[in-house]
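Below: the structure, in structure tokens.
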Ligand code: PAF
């Protein structure tokens, strides 16, 4: 695996592939890799001639300085995992390489209603920072396809909207959530959980699976009451939001109409200081 830390090094590594019109797949990450990330690399390997993974903890998408500070950084372990799945190129730029001359300005994209609820509401500025870095990375890597996990469901919807409306020639490939054996969605933040928090965090996926079973039997407001009391009774977890949304528009649903693929239940919750998100189509 070739490791590049500057745009110049990356250009030198990728140019021969570009000239020969070989397909480049791209997996942007913030590191602290887990099997969810590796599933993206594996899919990218299947669909491209060359796979680039980036590891960059993007400061502009953190709306909370403490969260940025404690975000897990495990580069040595990440490199080992990437070699195992035969990632071809790892791009690990510094903050100065991405935000040249200390220019931290972010894109001001009109996402319509897509960014008004859920993460957009709970984490002001998060999506502006996220789309800024995704755009910069797309400009630098110039991939044919880029791979995103469905755990960050709203992020994925915004990235799809962005490339479509800005005519960015990158095909966005979405990949399923990868779960631990007990159901917890894999996340870089899981490694920040204490053993006690880890046990309680299971309530998030359990609740989503239960909500799925309630479809067709309970109303939206009954389901919401169920979820709120499940979290209130937990004692450790704090529910940030529970939403049932249309998968395309991300608008909250009052009635559960439509087929399963079009309705998504989403949860964000705090286990101590660790904020976790998860979702399921219901
Ligand atoms: O999902 C992530 O890890 C990040 O938001 C991304 C897409 C790498 C941008 O920093």
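Read-outs: derived from the displayed coordinates by stated rules, not from any lab. Because the structure is predicted, anything quoted here is derived from the model rather than measured. Neighbour counts run over all protein chains shown; Cβ positions are idealised from the backbone, glycine included.
The overall shape of the range 10-61 is oblate: from the C-alpha gyration tensor, with semi-axes ordered a ≥ b ≥ c, the ratio a/c is 1.5 or greater and a/b is no larger than b/c. For the chain, the relative contact order works out to 18 percent when only alpha carbon pairs closer than 8 Å and six or more residues apart are counted.
Between the helical axis of 75-84 and the longest alpha-carbon principal axis of the chain there is an angle of about 80 degrees.
Short-range pairs are left out: with C-alpha atoms under 8 Å and at least six residues apart, the relative contact order of the range 8-115 is 28 percent. Judged by the ratio a/c of the largest to the smallest principal axis of the C-alpha gyration tensor, the range 42-94 counts as prolate, that ratio being 1.5 or greater while a/b is larger than b/c. Using only the Cα atoms of the range 170-249, build the gyration tensor, take square roots of its eigenvalues as a ≥ b ≥ c, and label the shape rounded, prolate or oblate: rounded if a/c is under 1.5, else prolate if a/b is larger than b/c, else oblate. Judged from the Cα gyration tensor, the range 170-249 comes out oblate (a/c at least 1.5, b/c at or above a/b).
Sorted fewest first by neighbouring Cβ atoms within 10 angstrom, 229, 205 come out as 229, 205. Using a simple spin-label model with pseudo-atoms 7 Å out from Cα toward Cβ, residue 11 and residue 84 lie 3.6 nm apart. Helix 7-19 and the longest principal axis of the Cα set of the chain meet at an angle near 80°. Taking the DSSP bridge list for the chain and keeping only pairs wholly inside it, about 50 percent are antiparallel. Spin-label pair residue 226-residue 68: with each label point 7 Å from Cα along the Cα-Cβ axis, the two points sit 4.1 nm from one another. Given their separation in residues at 0.36 nm each and the Cα-Cα distance between them, residue 261 and residue 164 gain 32.8 nm when the chain is fully extended. Counted by neighbouring Cβ atoms within 10 Å, the residues 226, 99 run from fewest to most as 226, 99. Summing -39500 (n - 2.57) over the DSSP H runs of n ≥ 4 in the chain and dividing by its residue number, what mean residue ellipticity at 222 nm do you reach, to the nearest 500 deg cm²/dmol? -12500 deg cm²/dmol, from helical runs alone. Arranged from fewest to most other beta-carbon atoms within 10 Å of their beta carbon, 26, 209 become 209, 26. Once the Cα atoms of helix 35-47 and of the chain are each reduced to a long axis, what angle between those two axes, in degrees from 0 to 90 to the nearest 10, is obtained? Rounded to the nearest ten degrees, it is 50.
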